[in-house]
Amino acid sequence: MRAFTPTELADRLGSGLLSFPVTHFTRDLAFDEAAYRENIGRLGKYEIAGLFAAGGTGEFFSLTPQEVGTVVRAAVGSAPKGTPILAPAGHGTAQAVEMARDAEAAGADGLLLFPPYLTEASADGLTAHVRAVCESTSLGVVLYSRANAVYTSDTVAAVADTCPNLIGFKDGVGDLEEITRIHSRLGDRLVYIGGLPTAETFALPYLELGVTTYSSAIFNFLPEFALAFYGAVRAGDRTTVRRLLDEVVLPYTTIRDRKAGYAVSIVKAGMDLAGHPAGPVRPPLTDLDDPERELLAHVIEASRTAVV
């Protein structure tokens with residue numbers, strides 16, 4: 001039995017920091033379930049509002065549907081009591097529906113609905129996609145707007161009106177005007193989540209638009225820093241936020257931007273450097289090289305003094 005109803009889950013997600021744990025792989029790129037379970041237990045000990053298993057940072061795109069189910073079950077079975085676990089649903093609509101049903105069977109507390117695989121779609125098509133998934137489960141569903149599935153305020157309002165278990169909107173686009181329109185139209189009907197990489201960079205301006213939380217990849221390997229940064233954002237402490245951006249977050253993004261796909265690779269490198277190795281990334285992603293790892297080590301060291 002789930003610990004959270006959709007309404008309760010929405011309230012919980014909006015109350016604190018969120019994160020997407022990496023998915024642990026062995027050197028031969030098999031899922032390392034034991035290491036993953038241990039890491040979920042470690043992260044769940046912090047004051048975190050929700051963990052998204054097998055999400056973008058968890059390399060959802062490189063996992064088979066069977067592996068997604070295994071990862072979700074490992075997360076559900078390893079998270080401390082009271083830590084919400086959200087599972088992914090994505091690819092084509094039929095596959096997303098199957099994933100939604102499997103996530104509910106696995107005991108997940110909610111879903112993150114990724115864009116349909118590859119193809120472009122009209123607003124009507126995206127509406128049908130979201131409705132099909134919402135109607136297939138009683139879990140709370142968070143809609144992820146990015147890439148080939150950019151949802152307008154009209155589309156979000158239409159699905160929110162007919163899908164009571166649609167509880168959240170995660171923005172991966174960065175269109176501030178559209179976010180303003182969505183929030184103005186729907187108010188507290190949804191929880192709004194910042195989902196741009198690296199989310200800390202946009203956290204303060206997003207807060208002004210009603211986006212009370214975001215998904216922190218940095219939390220994977222610098223949880224104390226990530227929570228301190230989030231606390232400064234919620235307190236409106238602009239001086240601290242800007243200092244932490246300058247000293248840690250922006251140097252981090254400079255490394256991230258050196259190569260496509262590094263938004264995930266840099267997190268796994270950070271895990272290793274922080275003493276919590278998670279193995280390599282799967283192709284088509286590539287790992288950081290040694291000079292880049294050295295640069296990241298300096299960022300990690302700076303983070304340890306930045307929040308003292």
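Based on alpha-carbon positions alone, could you give the equivalent ellipsoid semi-axes of the stretch 52-94 from the gyration tensor, as √(5λ), descending, whole Å?
Working: eigenvalues 75, 20, 18 Å².
Semi-axes from the Cα gyration tensor: 19, 10, 9 Å.
Relative contact order of the stretch 19-108, please, whole-number percent, based on alpha carbon pairs below 8 angstrom and at least 6 residues apart. Walk me through the numbers before you get to the answer.
Numbers: 126 pairs, mean separation 27.7, N = 90.
Computed value for the stretch 19-108: 31 percent relative contact order.
Restricting to Cα atoms and excluding each atom paired with itself, what does the Kirkwood estimate give for the stretch 185-253 in Å? Walk me through the numbers before you get to the answer.
Values: mean 1/r = 0.0815 Å⁻¹.
Across the stretch 185-253, the inverse of the average 1/r is 12.3 Å.
Treat every Asp and Glu Cβ in the stretch 214-308 as -1 and every Lys and Arg Cβ as +1, leave all other atoms uncharged, and give the resulting dipole magnitude about the Cα centre to the nearest 20 debye.
On the way: 11 positive and 12 negative charges, 73 e Å.
It comes to approximately 360 debye.
Quick check of the Kirkwood formula: for the stretch 245-308, what is the inverse mean of 1/r over all pairs of different Cα atoms, in Å?
Values: mean 1/r = 0.0840 Å⁻¹.
Hydrodynamic radius (Kirkwood, Cα pairs) of the stretch 245-308 is 11.9 Å.
Based on the alpha carbons, how large is the Rg to Rh ratio for the chain when Rh follows Kirkwood?
On the way: Rg = 18.1 Å, Rh = 19.3 Å.
For the chain, the value is 0.94.
Between Gln66 and Arg37, 0.36 nm times their residue separation minus their Cα-Cα distance comes to what?
Numbers: separation 29, 0.36 × 29 = 10.44 nm, distance 1.71 nm.
So the extension gain works out to 8.7 nm.
May I ask you to give the solvent-accessible area per residue for the chain, in square angstrom, as obtained with a 1.4 angstrom probe?
Values: 12760 Å² over 308 residues.
Per-residue accessible area for the chain comes out at 41 Å².
Do any GluC sites (Glu not before Pro) in the stretch 180-256 lie in a loop, going by DSSP, with at most 10 other beta-carbon atoms within 10 Å of their beta carbon, and if so which?
Values: sites: Glu200, Glu208, Glu224, Glu247; in loops: Glu208.
Answer in residue order: Glu208.
Reachable lysines from Lys45, Cα under 22 Å, same-chain residues fewer than 8 places away excluded?
List returned: Lys81, Lys268.
Under 13 Å between alpha carbons, and skipping anything fewer than 8 positions from Lys170 in its own chain: which aspartates and glutamates qualify?
By straight Cα distance, Lys170 reaches Glu178.
Counting only protein heavy atoms and using a 1.4 Å probe, what share of the accessible area of the stretch 232-308 belongs to carbon plus sulfur, as a whole percent? The partial results should precede the final answer.
Details: 2030 of 3880 Å².
Result for the stretch 232-308: 52 percent of the exposed heavy-atom area is carbon or sulfur.
Per the helix-only calculation at 222 nm, which mean residue ellipticity applies to the chain, given -39500 (n - 2.57) for every DSSP H run of n ≥ 4 and division by its residues, nearest 500 deg cm²/dmol?
Details: 13 runs with 141 residues, N = 308.
That calculation yields -14000 deg cm²/dmol at 222 nm.
What is the spin-label model distance, in nm, from Glu135 to Gln95 if the labels are put 7 Å beyond Cα along the C-beta direction?
Between Glu135 and Gln95, the simple spin-label model gives 2.2 nm.
Dividing the alpha-carbon radius of gyration of the stretch 90-209 by 2.2 N^0.38 Å (N being the number of residues), what value is obtained? Kindly include the intermediate steps, with their values, before the conclusion.
Details: Rg = 13.7 Å, N = 120, 2.2 N^0.38 = 13.6 Å.
Rg over 2.2 N^0.38 Å, computed on Cα atoms: 1.01.
By how many nm would the segment from Ala105 to Ala297 lengthen if fully extended, with 0.36 nm per residue of separation less the alpha-carbon distance? Could you put the intermediate results ahead of the total?
Working: separation 192, 0.36 × 192 = 69.12 nm, distance 4.07 nm.
Here the answer is 65.1 nm.
Please state, to two decimals, what the Cα-based radius of gyration of the stretch 159-308 comes to when divided by 2.2 N^0.38 Å (N = residues).
Details: Rg = 16.7 Å, N = 150, 2.2 N^0.38 = 14.8 Å.
Normalised Rg, Cα atoms only: 1.13.
Can you give the Rg to Rh ratio for the stretch 13-163, taking only C-alpha atoms and Rh from Kirkwood?
Values: Rg = 15.2 Å, Rh = 15.7 Å.
A ratio of 0.97.
Show me the GluC sites (Glu not before Pro) within the stretch 4-50 that DSSP assigns to loop and that have at most 16 other Cβ atoms within 10 Å of their Cβ. Each step should come with its number before you reach the end.
Details: sites: Glu8, Glu33, Glu38, Glu47; in loops: Glu47.
Counting only loop positions with at most 16 other Cβ atoms within 10 Å, the GluC sites (Glu not before Pro) in the stretch 4-50 are Glu47.
Given Cβ point charges of +1 (Lys, Arg) and -1 (Asp, Glu) and nothing else, what value in debye, to the nearest 20, does the dipole of the chain about its Cα centre take?
Details: 26 positive and 37 negative charges, 90 e Å.
Rounded to the nearest 20 debye, it is 440 debye.
Return the percentage of antiparallel bridges among DSSP beta bridges fully within the stretch 37-165, rounded to the nearest 5 %.
Working: 1 of 11 bridges.
Rounded to the nearest five, the antiparallel share is 10 percent.
If I model a spin label as a point 7 Å beyond the Cα along the Cα-Cβ vector, how far apart are those points for Asp237 and Thr119 in nm?
Modelled inter-label distance: 5.0 nm.
The values are calculated or read from the model by the stated rules, or taken from the named source; none is laboratory data. What you are looking at is a predicted structure, and each value in this text was computed from that prediction instead of being measured. Ideal geometry is used to build each Cβ from the backbone, glycine not excepted, and the neighbour counts take in all protein chains shown. Ligands, DNA and RNA are stripped out before the accessible areas are found, and what is left, the full protein with its side chains, is counted by its heavy atoms. Shrake-Rupley method; radii C 1.70, N 1.55, O 1.52, S 1.80 Å.
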